[in-house]
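The numbers here are math on the coordinates, done by the rules we state, and not lab data. These numbers were taken from a predicted model, which means no experiment stands behind them. Virtual Cβ from ideal backbone geometry, glycine too; neighbours counted across all protein chains shown.
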Amino acid sequence: MIGPLDILLSSEDIAARIKTLGEEISSHYQGKPIILICVLKGSFVFAADLVREIDGPIQIEFMRLSSYGNSTTSSGEINMILDLNIDITDKEVLIVEDIVDTGITLFFLRDHIEKKGPAAVKICSLLHKPARQKVEVPIDFLGFTIEDKFVVGYGLDHDERYRNLPFIGVVPT
Ligand code: 5GP
């Protein structure tokens with residue numbers, strides 16, 4: 001159980017940023033078909049809002065990885081719980097993540113996707129915590145850079161709670 005949360009990003013802040021991210025993504029792809037991969041569970045709220053701000057043909061797919069277990073620090077060990085079951089050869093792939101922390105999850109995921117032979121792989125993340133980054137992964141479309149705080153809400157959990165909050169809050173330490 002954790003105490004009251006400080007609001008870091010309101011639902012209005014998030015909605016405004018996602019609108020411009022959608023414009024950036026639409027103008028990058030120029031109507032080319034995209035395979036958008038929503039990385040479960042944390043990205044489901046973000047991806048649902050983001051796809052409605054992108055113009056053009058999008059196929060939406062889901063993958064599920066886990067790295068955190070029940071704690072608030074990364075184990076560094078990635079488990080693939082749900083892989084893609086479609087052919088992405090020569091396709092434009094956009095990975096949608098909730099947060100890049102150490103970068104280990106995305107590094108692993110990007111490599112895994114690249115091996116399937118897509119035309120290009122781009123990354124969109126709502127949040128980035130550069131202070132904790134351990135491996136370099138380029139984020140092509142980024143929502144917000146945040147400080148080294150454990151955040152919840154808008155899809156992000158703490159022991160599977162708080163994913164339904166409409167804002168992003170900071171867990172007091
Ligand atoms: P990384 O592999 O970059 O260290 O971690 C990525 C994953 O860790 C994210 O997809 C997310 O599930 C989890 N994570 C990292 N930082 C936070 C955070 O501040 N809050 C929550 N709820 N999850 C986080």
Legend entry - Between 0 and 90°, nearest 10: helix 104-114 axis offset from the chain longest Cα axis: 10 degrees
Inset, instruction - Starting from the Cα of GLN59, step 7 Å along the direction of its Cβ; do the same at ASP140; then give the gap between the two resulting points in nm. - result: 1.6 nm
Inset, instruction - Assign one of three labels to the stretch 1-56, namely rounded, prolate or oblate, based on the Cα gyration tensor with a ≥ b ≥ c the square roots of its eigenvalues; rounded applies when a/c is under 1.5, prolate when it is not and a/b is larger than b/c, and oblate otherwise. - result: oblate
Inset, instruction - Before rounding to the nearest 500, sum -39500 (n - 2.57) across all DSSP H runs of length at least 4 in the chain and divide by the residue total; then give [θ] at 222 nm in deg cm²/dmol. - result: -7000 deg cm²/dmol
Legend entry - Phi-based couplings in Hz for the stretch 150-155 (Karplus 6.51, -1.76, 1.60; Gly and Pro marked x): 7, 10, 9, x, 6, x
Inset, instruction - Give the distance, in whole Å, between the Cα centre of the stretch 95-173 and the Cα centre of the stretch 30-57. - result: 15 Å
Legend entry - Reachable lysines, given that their alpha-carbon falls under 21 Å from the alpha-carbon of LYS41 and they are not under 8 places away in the same chain: LYS122, LYS129, LYS149
Legend entry - the chain: most fluctuating residue of ILE139, ILE104, ILE81 per GNM, C-alpha cutoff 10 Å: ILE81
Inset, instruction - Report, for the chain, the % of DSSP beta bridges that are antiparallel, rounded to 5. - result: 30 percent
Inset, instruction - With a cut-off of 11 Å, note down the residues of the stretch 45-63 whose backbone N falls inside the zone around a label point 7 Å from the Cα of ASN79 toward its beta carbon. - result: none
Legend entry - Pair PHE44, ALA119: separation of 7 Å Cα→Cβ label points (nm): 3.1 nm
Inset, instruction - Please return the longest stretch of the chain lacking exposed loop sites, where GluC sites (Glu not before Pro) count only if DSSP places them in a loop and at most 11 other Cβ atoms lie within 10 Å. - result: 1-76
Inset, instruction - Return SER43, SER27 ranked ascending by Cβ neighbour count within 10 Å, so the fewest neighbours appear first. - result: SER27, SER43
Legend entry - Local electrostatic count at ILE18 - Lys and Arg +1, Asp and Glu -1, tallied over other residues with Cβ under 13 Å: -4
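Sort the stretch 1-153 into rounded, prolate or oblate with this rule: let a ≥ b ≥ c be the square roots of the eigenvalues of the Cα gyration tensor; rounded if a/c is under 1.5, and if a/c is not under 1.5, prolate when a/b is larger than b/c, oblate otherwise.
On the way: a/c = 1.86, a/b = 1.23, b/c = 1.51.
Here the stretch 1-153 falls in the oblate category.
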Inset, instruction - Just grab the label-to-label distance for ASN164 and GLN133, each label 7 Å out from Cα along the Cβ direction, in nm (one decimal). - result: 3.5 nm
